[in-house]
Amino acid sequence: MRDIPMFTTASGIASLYFKKIPFTKEAFVEIRVSNSLEELVKECIDVCRMAGAERIFATGHAVLQQYPLFCTVSKYCVSKDILSNTEAFALPLTESQAYWWRRVYNQKMRNVPTAVPLSESDVEALIRKKHAYCVYKDFDAIGIGVAYDGQIQAVASAAPGGGRDSVLALSNVLESDVISLCVASTNIKAIELYRSLGFTEAEQQMCWYQIF
């Protein structure tokens, strides 16, 4: 299901994200420009519901605070030199691993707020850019991730207890002295893991509100 990057009406402009609808019946709306927020929200809800969404979340405008808060998304950072050592290591994803990697990613990210499923073409693009990794320890694949430009964009364990080593291994492939990542406030286990490694909250980047 395709997103609508620029949904334009007389009431304003919004981006509509539909990729989670087939999996969780959720759609996400980012308000870009609003002449009449109330009317624009109504129009976005109508289109998202027609696409099959049963829950709809929005961000991008202060007036959205009148709706129930779904979650906040914050940036966490850590100085690389204080991270623990690990025997795990991350290697760039190869085409032969793409099907397994995508299956693990989509399964693990299904219930992560705002994380979207990846298509075959999405994974192919990550492979070309060398942004996707498999994490190994004792010759076993224990995790997967996406990391570039000093930031861990996504990380998931592929084996019990693999999350900690996966974060550390992905940090090691980044050249930046400061490692950052973003996490939703509802992802409690991930936040606890990152804090135990030394990550601290740097800034709140967005709030998502449930508009339907």
**Study point:** Residue in the range 154-166 that is in contact with a His (Cβ under 9 Å, 6 or more places away or on another chain) and open to solvent by 70 Å² or more (accessible area, probe 1.4 Å) present
**Key:** no
Review point. What is the number of the single condition among (1) among the hydrophobic types (A, V, I, L, M, F, W, C); (2) in contact with a helix residue (DSSP H, G or I) (Cβ under 6 Å, 6 or more places away or on another chain); (3) part of a helix (DSSP H, G or I) that Leu40 does not meet?
Key: (2)
Exercise for review: Can you work out which of the residues in the range 42-71 that are of a type in the set (Val, Ile, Thr) and open to solvent by 20 Å² or more (accessible area, probe 1.4 Å) is modelled with the lowest pLDDT?
Suggested key: Val63
Review point. Among strands (runs of 3 or more DSSP E) lying entirely in the range 128-212, which contain 2 or more residues that are more than 17 Å from the chain's Cα centre (by Cα) and closer than 21 Å to Ala88 by Cα?
Key: 132-137, 140-148
**Study point:** the range 192-212: number of residues that are in contact with a strand residue (DSSP E or B) (Cβ under 6 Å, 6 or more places away or on another chain) and either surrounded by 13 or more Cβ atoms within 10 Å (Cβ to Cβ) or among the charged types (D, E, K, R) (or both)
**Key:** 13
Review point. Out of the range 116-140, which residues are among the small types (Gly, Ala, Ser) and either in contact with a Lys or Arg (Cβ under 9 Å, 6 or more places away or on another chain) or surrounded by fewer than 18 Cβ atoms within 10 Å (Cβ to Cβ) (or both)?
Key: Ser119, Ser121, Ala125
Practice item. Residue by residue through the range 169-180, note down the ones that are crowded, with 18+ Cβ neighbours inside 10 Å and either in contact with a helix residue (DSSP H, G or I) (Cβ under 7 Å, 6 or more places away or on another chain) or acidic (Asp, Glu) (or both). Key: Ser171, Ile179
**Study point:** Residues being in contact (Cβ under 8 Å) with a residue 40 or more places away in the chain and out of contact with any Cys (no Cβ under 8 Å at 6 or more places or on another chain) - total across the range 196-212
**Key:** 8
Study note, to complete from the structure: For the range 22-41 the number of residues that are under 23 Å from the mean Cα position of the chain (by Cα) and either hydroxyl-bearing (Ser, Thr, Tyr) or surrounded by 19 or more Cβ atoms within 10 Å (Cβ to Cβ) (or both) is 7
Check your understanding: Taking Thr9, is it more than 18 Å from Cys207 (Cα to Cα), open to solvent by less than 50 Å² (accessible area, probe 1.4 Å) and out of contact with any strand residue (DSSP E or B) (no Cβ under 9 Å at 6 or more places or on another chain)?
Key -> yes
Review point. Within the range 72-83, how many residues turn out to be surrounded by fewer than 17 Cβ atoms within 10 Å (Cβ to Cβ) and touching a Leu at 6+ places or on another chain (Cβ under 7 Å)?
Key: 1
Exercise for review: Among the residues of the range 91-108, write down those that are surrounded by 13 or more Cβ atoms within 10 Å (Cβ to Cβ) and either aliphatic (A, V, I, L, M) or farther than 25 Å from Pro22 by Cα (or both).
Suggested key: Leu91, Pro92, Leu93, Ala98, Val104
Check your understanding: Looking at this structure, is Ala27 modelled with pLDDT of 95 or more, touching an Asp or Glu at 6+ places or on another chain (Cβ under 7 Å) and either in a loop (DSSP other than H, G, I, E, B) or not aromatic (Phe, Trp, Tyr) (or both)?
Key -> no
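The values are calculated or read from the model by the stated rules, or taken from the named source; none is laboratory data. All figures in this text were calculated on a predicted structure; none of them were measured in a lab. All Cβ positions, glycine included, derive from the backbone under ideal geometry; neighbour counts span all protein chains shown. What goes into the accessible areas is simple: the full protein's heavy atoms, side chains included, and nothing from ligands, DNA or RNA. Shrake-Rupley method; radii C 1.70, N 1.55, O 1.52, S 1.80 Å.
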